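The values are calculated or read from the model by the stated rules, or taken from the named source; none is laboratory data. All values derive from a computational prediction rather than experimental measurement. Positions of Cβ are generated from backbone atoms using ideal geometry, with glycine treated the same way; all protein chains shown enter the neighbour counts. Surface accessibility is based on the protein's heavy atoms, side chains included, excluding ligands, DNA and RNA. Shrake-Rupley method; radii C 1.70, N 1.55, O 1.52, S 1.80 Å.
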Amino acid sequence: MPKKRNQIEKIVKRIRLLILDVDGVLTDNSLYLNDEGVESKKFNVADGMGIWLAHKAGIKVALISGRVSKAAEFRALDLGIKYVYCGKSDKMRAYEQIKKSLRLKDDQIACMGDDILDIPLLKQVVLPICTKDAHPEAKKFAKLITKAKGGDGAVREVVDMILKAKKKNPLEWLS
Ligand SMILES: [Mg+2]
């Protein structure tokens with residue numbers, strides 16, 4: 001069930017790791033296939049900026065995707081995301097590995113998802129987030145639903161909210 005923004009703010013202050021699903025969160029869930037069967041995806045630059053800002057604020061970012069995707073790996077490399085798990089339909093295993101290596105607890109972790117594969121993760125973390133256009137079953141487990149759709153600035157919206165709760169001013173990092 002979605003919670004009120006002021007309740008969310010208290011939780012957000014503790015967040016040290018933001019886990020992102022790829023398809024439907026960092027993308028609009030489209031896959032582009034050319035005549036040779038080569039797959040590509042479209043990413044949002046504002047989301048990329050959000051990930052840069054999250055790193056600047058000391059928040060780690062991880063990708064856990066059910067699909068193997070070179071495009072997602074290239075995007076992660078471009079954005080300096082060190083924790084990338086693609087082709088993981090059992091997302092909990094990847095989650096436990098990241099949590100262990102970063103020595104974090106469930107109550108320091110936020111996760112953004114959009115479909116039923118994300119439900120185990122959404123149930124585990126303190127701040128489960130779904131995109132506006134997520135599947136209704138996944139949304140049942142979200143404490144926060146973004147105003148933006150997947151691939152349309154939803155990640156940036158979440159990072160902006162985290163930075164605000166932590167009283168970080170991104171403009172200070174630009175000079
Ligand atoms: Mg997805």
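Here are the numbers:
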| item | result |
| --- | --- |
| Verdict on I8 being within 24 Å of Y95 (Cβ to Cβ), touching a strand residue (DSSP E or B) at 6+ places or on another chain (Cβ under 9 Å), among the aliphatic types (A, V, I, L, M) and away from the ligand (no atom under 16 Å from the Cβ) | yes |
| Answer residue from region 132-159, given it is in a helix (DSSP H, G or I) and within 13 Å of the chain's Cα centre (by Cα) and is nearest to L20 (Cα to Cα) among those | V155 |
| Qualifying position, being within 16 Å of the chain's Cα centre (by Cα) and open to solvent by 10 Å² or more (accessible area, probe 1.4 Å), among I98, I109, I119, I129 | I119 |
| Condition met for V84 (open to solvent by 10 Å² or more (accessible area, probe 1.4 Å) and assigned to a strand (DSSP E or B)) | yes |
| Positions within region 10-44 being in a helix (DSSP H, G or I) and open to solvent by less than 90 Å² (accessible area, probe 1.4 Å), in sequence order | I11, V12 |
| Residue in region 131-142 that is more than 12 Å from the ligand (Cβ to nearest atom), at pLDDT 95 or above, touching a Gly at 6+ places or on another chain (Cβ under 9 Å) and not basic (K, R) present | yes |
| Hits in region 45-73 (condition: within 15 Å of the ligand (Cβ to nearest atom), under 20 Å from L121 (Cα atoms) and either open to solvent by 30 Å² or more (accessible area, probe 1.4 Å) or of a type in the set (G, A, S) (or both)) | A62, S65, G66, R67, V68, A72 |
| Selection status of R103, within 18 Å of L144 (Cα to Cα) and either open to solvent by less than 50 Å² (accessible area, probe 1.4 Å) or without any contact (Cβ under 8 Å) to a residue 40 or more places away in the chain (or both) | no |
| A76 farther than 22 Å from K167 by Cα and either open to solvent by less than 60 Å² (accessible area, probe 1.4 Å) or assigned to a helix (DSSP H, G or I) (or both) | yes |
| Selection count, region 143-160, where residues are away from the ligand (no atom under 13 Å from the Cβ), over 20 Å from H55 (Cβ atoms) and in contact (Cβ under 8 Å) with a residue 60 or more places away in the chain | 4 |
